[in-house]
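Working notes, structure below.
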Amino acid sequence: MLLHLDASARRAASFSRRLSSVYAETWRAAHPQAGYVYRDLAAQPVPHIGEAWTEVCDYILEHEITDISRYGEAARTSAQRQAWAVVEPLLAEVVAAEVILIGTPMYNYSIPSALKAWLDQITFPKMSLEGRSFVVTGARGGAYGPGTPREPYDHQERYLRDFFKGHFRVEDVTFIHAELVNARLDPALAHLRDRHEESLAAALKEAAR
Ligand SMILES: Cc1cc2nc3c(=O)[nH]c(=O)nc-3n(C[C@H](O)[C@H](O)[C@H](O)COP(=O)(O)O)c2cc1C
């Protein structure tokens with residue numbers, strides 16, 4: 001199954017959405033029987049975790065529950081069961097997925113809070129997602145590739161890569177970025193418009209491949 005998430009506050013004008021939809025179309029054509037779930041984290045945001053969620057999480061840690069199918073045992077009070085009712089369907093989608101595709105902008109050098117809220121909901125201690133792949137289609141206003149002055153500021157790819165590997169133990173992670181999107185708008189970056197168009201064309205080609 002392909003789990004497809006989008007996190008941009010933009011709709012039609014979003015480049016990360018455009019790239020993720022190209023990827024999803026190609027994937028679905030290649031795996032017509034495999035199943036597909038779509039979730040728009042910007043249009044239907046998942047709530048931030050609350051205190052009851054942290055109690056569920058603490059119980060899982062304290063009782064060394066590593067089997068995801070047993071997490072529900074940790075929800076004992078009514079508030080904890082309410083918190084679990086939010087997590088359960090989100091987590092079921094992740095567990096059922098072979099590929100988790102995330103269309104996400106860079107916001108303030110990092111990821112949108114809509115995506116972080118989802119990640120906080122579905123992540124538990126020592127939780128492995130081994131055997132799955134992540135694909136991230138990203139868009140950013142500037143350029144953060146190797147050798148660029150802003151390379152060390154890329155906490156979008158860096159954060160997600162480190163988190164997927166360090167926590168979920170997933171190394172099969174692909175990033176496809178459209179860069180310099182701000183060259184379309186910012187007169188001071190107009191001279192970089194060609195480089196943006198090249199980056200976008202390469203990203204669309206890669207997503208379709
Ligand atoms: C709230 C906000 C914060 C942003 N922060 C950054 C940033 O730190 N670095 C950057 O290069 N671009 C930044 N941008 C530009 C976006 O990354 C760019 O517009 C990108 O295309 C957004 O993805 P989307 O097209 O899928 O909406 C920001 C845009 C917004 C709306």
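Rule-based calculations on the coordinates, nothing more; no lab input. Nothing here was measured: the structure is a model prediction, and the numbers come from that model. Cβ coordinates were reconstructed from backbone atoms using ideal geometry, including for glycine residues, and neighbour counts include every protein chain displayed.
Assorted remarks:
- Within the stretch 144-168, the set of residues being part of a helix (DSSP H, G or I), more than 16 Å from the ligand (Cβ to nearest atom) and more than 16 Å from Ser113 (Cα to Cα) comprises Arg161, Asp162, Phe164, Lys165, Gly166.
- Residue-level analysis places Ala29 among those that are exposed (fewer than 12 other Cβ atoms within 10 Å of the Cβ), assigned to a helix (DSSP H, G or I), free of Cβ contacts under 8 Å to residues at least 60 places away in the same chain and more than 11 Å from the ligand (Cβ to nearest atom).
- Check on Gly141, within 13 Å of the ligand (Cβ to nearest atom), part of a loop (DSSP other than H, G, I, E, B) and surrounded by 17 or more Cβ atoms within 10 Å (Cβ to Cβ): yes
- As for the stretch 120-134, it holds no residue that is within 16 Å of the ligand (Cβ to nearest atom), crowded, with 18+ Cβ neighbours inside 10 Å and either within 19 Å of the chain's Cα centre (by Cα) or without any contact (Cβ under 8 Å) to a residue 40 or more places away in the chain (or both).
- Scanning the stretch 66-73 for residues that are part of a loop (DSSP other than H, G, I, E, B), among the charged types (D, E, K, R), at positive phi and without any contact (Cβ under 8 Å) to a residue 12 or more places away in the chain turns up nothing.
- Only one entry in Val136, Val86 is assigned to a strand (DSSP E or B) and within 24 Å of Ala43 (Cβ to Cβ), namely Val136.
- Criterion violated by Phe175 - all others in (1) away from the ligand (no atom under 15 Å from the Cβ); (2) not in a helix (DSSP H, G or I) satisfied: (1)
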